[in-house]
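This report refers to the structure that appears directly beneath it.
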Amino acid sequence: MDNFIEKNKLEEVVAFRRLEVFNNPTNANILADRAQICGIGRSQLGVPFLWDGKNCILGYVDVI
């Protein structure tokens, strides 16, 4: 994702926040909370994960 974001200069056109979830329990809980809103259980979670405020998008292909 980082290469795609950089190559397409997405940070210049779209406001978003990146959260590291593997080593940061606070961020992992944020991810789990957002996924729960969309009915995605912890066992189904993965990255990349995009939440636009009401919809969850999971997986590299779908996020792009």
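The values are calculated or read from the model by the stated rules, or taken from the named source; none is laboratory data. None of the values given here were measured: they were computed from a predicted structure. Here the Cβ positions follow ideal geometry from the backbone for every residue, glycine too, while neighbour counts run over all protein chains shown. The protein model used for the area step is the full one, side chains on, heavy atoms only, and it has no ligands, DNA or RNA in it. Shrake-Rupley method; radii C 1.70, N 1.55, O 1.52, S 1.80 Å.
Of note:
- Qualifying positions in the stretch 7-25 - more than 18 Å from Val63 (Cβ to Cβ) and either among the hydrophobic types (A, V, I, L, M, F, W, C) or surrounded by 10 or more Cβ atoms within 10 Å (Cβ to Cβ) (or both): Asn24
- Residue that is surrounded by the fewest Cβ atoms within 10 Å (Cβ to Cβ), among those in the stretch 26-37 that are under 15 Å from Asp52 (Cβ atoms) and touching a residue at least 12 places away in the same chain (Cβ under 8 Å): Ile37
Quick grid of which residues meet (1) assigned to a helix (DSSP H, G or I); (2) among the polar types (S, T, N, Q):
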| residue | (1), (2) |
| --- | --- |
| Glu20 | no, no |
| Thr26 | yes, yes |
| Asn29 | yes, yes |
| Ser43 | yes, yes |
| Lys54 | no, no |
| Asp62 | yes, no |
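- Inspection of the stretch 21-43 identifies no residue that is of a type in the set (Val, Ile, Thr) and modelled with pLDDT under 90.
- Selection of first residues in the stretch 1-14 that are in contact (Cβ under 8 Å) with a residue 24 or more places away in the chain and of second residues that are open to solvent by less than 100 Å² (accessible area, probe 1.4 Å) and assigned to a helix (DSSP H, G or I), restricted to Cβ pairs under 8 Å at least 6 apart or on distinct chains, gives the following pairs, ordered by first then second residue: Met1/Val63; Phe4/Leu10.
- Qualifying residue in the stretch 1-12 (condition: within 14 Å of Ile64 (Cα to Cα), in contact with a Phe, Trp or Tyr (Cβ under 9 Å, 6 or more places away or on another chain) and either at pLDDT 90 or above or part of a loop (DSSP other than H, G, I, E, B) (or both)): yes
- Scanning the stretch 39-56 for residues that are within 11 Å of the chain's Cα centre (by Cα), under 17 Å from Val14 (Cα atoms) and open to solvent by less than 50 Å² (accessible area, probe 1.4 Å) yields Pro48, Phe49, Cys56.
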